[in-house]
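Quick notes on the structure that follows.
The values are calculated or read from the model by the stated rules, or taken from the named source; none is laboratory data. Quantities reported herein were computed from a predicted structural model and do not represent experimental measurements. Positions of Cβ are backbone-derived with ideal geometry, glycine not excepted, and every protein chain shown enters the neighbour counts.
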Amino acid sequence: MAASGAGDPVDDAKSGKAPFAQRIDPTREKLTPAQLQFMRQVQLAQWQKTLPQRRTRNIVTGLGIGALVLAIYGYTFYSVSQERFLDELEDEAKAARARALARASGP
């Protein structure tokens, strides 16, 4: 009997362990057209399986980036409105300096 982990499918199925798939380089190894077609089918099935998850992640990422852009855009508008407020404050400071200068030179 084969030792555990030796790759015997019956023992592996009983112990709950499945053998790992071997990575194959189709350019090095000679594969039949049927094997190549099977590889393409498996790759397509894996791609279709992960497509909804990838689509959801892409949508969430897009919404996050869009929210960041809108936040920067909104902050820019807010900053510009604050600059006008500071301009008004600066005008009041100039007027106060002029009044102080007039008082100092007046008496």
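Please go through segment 61-101 and pick out each residue that is of a type in the set (A, V, I, L, M, F, W, C) and more than 22 Å from the chain's Cα centre (by Cα).
Phe77, Val80, Phe85, Leu86, Leu89, Ala93, Ala95, Ala96, Ala98, Ala100, Leu101
Please state which of the following conditions Ala21 fails to meet, knowing it meets all the rest: (1) assigned to a loop (DSSP other than H, G, I, E, B); (2) modelled with pLDDT under 80; (3) surrounded by 10 or more Cβ atoms within 10 Å (Cβ to Cβ); (4) not basic (Lys, Arg).
For Ala21, the exception is condition (3).
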